[in-house]
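Have a look at the structure below, then the notes.
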Amino acid sequence: MAIKTVDMNRLAALTGNLYESVAVLSKRSRQISSTIKNELDDKLAYFEGFEQELEDPRFQEEQAKVSIEYEVKPEPTEMAIDEMITGDVYFRKPTEEDAQFLF
């Protein structure tokens with residue numbers, strides 16, 4: 001996996017503050033990670049009911065293909081950064097009215 005540099009000034013310009021950008025990226029990265037994990041769990045759940053067939057090489061090959069497919073995917077953080085740079089991430093700053101409802 002190659003290292004890709006990220007222009008921090010560009011990320012900071014998207015929200016007006018680098019720390020806010022990192023917070024948005026962190027939350028989005030967790031969402032992506034959770035989605036990917038659920039998809040992988042669903043696909044691997046198919047193989048749970050087949051104890052005897054798990055010894056079959058074809059069955060093991062299918063299971064390995066599913067696992068490798070998810071290992072090759074980019075990291076959730078990288079996906080979140082790409083989404084934020086392209087403008088696919090929605091975020092908003094809470095207003096003072098929103099802050100009143102938190103307490």
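Just so you know, all these numbers are worked out from the coordinates, no wet-lab data involved. As the structure is a prediction and not an experimental result, all values here were calculated from the model. Neighbour counts are summed over all protein chains in view; Cβ atoms, including those assigned to glycine, are modelled from backbone coordinates with ideal geometry.
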### Query
Quick one, which of (i) 19; (ii) 38; (iii) 47 is the actual percent of Cα pairs over 24 Å apart calculated for this model?
(iii)
### Query
Rounded to the nearest 20 Debye, what is the dipole magnitude of the chain about its Cα centre when Lys and Arg each give +1 and Asp and Glu each give -1 at the C-beta?
660
### Message
Filter LYS43/LYS65; LYS37/LYS65; LYS27/LYS93; LYS37/LYS93 down to the pairs with a C-alpha to C-alpha distance above 18 Å, please.
### Response
LYS37/LYS93
### Query
Between LYS93 and LYS73, what is the label-to-label distance in nm when each label sits 7 Å out along the Cα-to-Cβ direction?
3.3
